[in-house]
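The values are calculated or read from the model by the stated rules, or taken from the named source; none is laboratory data. No experiment lies behind these values; they were computed from the predicted model shown. Keep in mind that these areas ignore ligands, DNA and RNA; they rest on the heavy atoms of the full protein, side chains included. Shrake-Rupley method; radii C 1.70, N 1.55, O 1.52, S 1.80 Å.
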Amino acid sequence: MANDFPTTRDMPSRLGKAMLIAAWVVGLALLVLFFQDHLDRDRNPNRDPDLLVDHAGVPSVVLARNRMGHYVATGSINGAPVTFLLDTGATTVALPLDLARRLELPLLPGGMSKTANGTVRTWSTRLDSVSIAGLSVRNVRAVVMPNMPGDEVLLGMSYLKRFDLLQRGDTLTLRAPD
């Protein structure tokens, strides 16, 4: 039992320390990416919905409900990708002001709207096209809400009224009328 004290040869080298730290950083980054993708899929299970055509040639889209009970789907406004939250209680499509500006939508005085958060001033606009998986509608009325947070678009009845809606279990089917 001559000398049981650690020496510098027992310590990891600088290269070893750097590789260990790099491995931890890469591992954590991969975990963040994996869980972020998982959370995104939970929030929007319809990121790439399919257009189905039945034997009679009638197109439809089947959307899955997310964990919170909402129908969220990726679609497009005027060809630009957006995320929709389907809202049968909304009279029109409603967009946040920042998104409307990015889409370069014309804003006209719209007046006041009653929302779950109270009465707010809005602007009105027309959308050249609104689409989910190819179920497209042209010339759709919309309102722009200045205090609406995020980039999510409330897909209201100015779009949805053009389709038959069928909810069964955890799915909602949008079907073009016969």
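Probing with 1.4 Å while keeping every protein chain in the model, the per residue accessible area of region 79-178 equals 56 Å². For region 48-55, putting each phi into the Karplus relation 6.51 cos²θ - 1.76 cosθ + 1.60 with θ = phi - 60° gives couplings of 9, x, 9, 8, 9, 10, 7, 4 Hz, in residue order, rounded to whole numbers and with x for Gly and Pro. Computed from Cα atoms, the angle from the helix 14-43 axis to the main principal axis of the chain rounds to 20 degrees. Stretched out straight at 0.36 nm per residue, the stretch from Thr171 to Val26 would grow longer than its current Cα-Cα span by 48.4 nm. Just so you know, the Rg over Rh for the chain is 1.28, from Cα atoms, with Rh as the Kirkwood radius. Shown in residue order for region 127-144 are the 3J(HN,Hα) couplings computed by the Karplus curve 6.51 cos²θ - 1.76 cosθ + 1.60 at θ = phi - 60°: 9, 4, 8, 10, 9, 10, 6, x, 7, 9, 10, 9, 6, 9, 5, 8, 10, 10 Hz (x for Gly and Pro). Please figure out what share of the DSSP beta bridges in the chain is antiparallel and state it in percent, rounded to the nearest 5. Counting only bridges with both partners in the chain, antiparallel ones make up about 80 percent.
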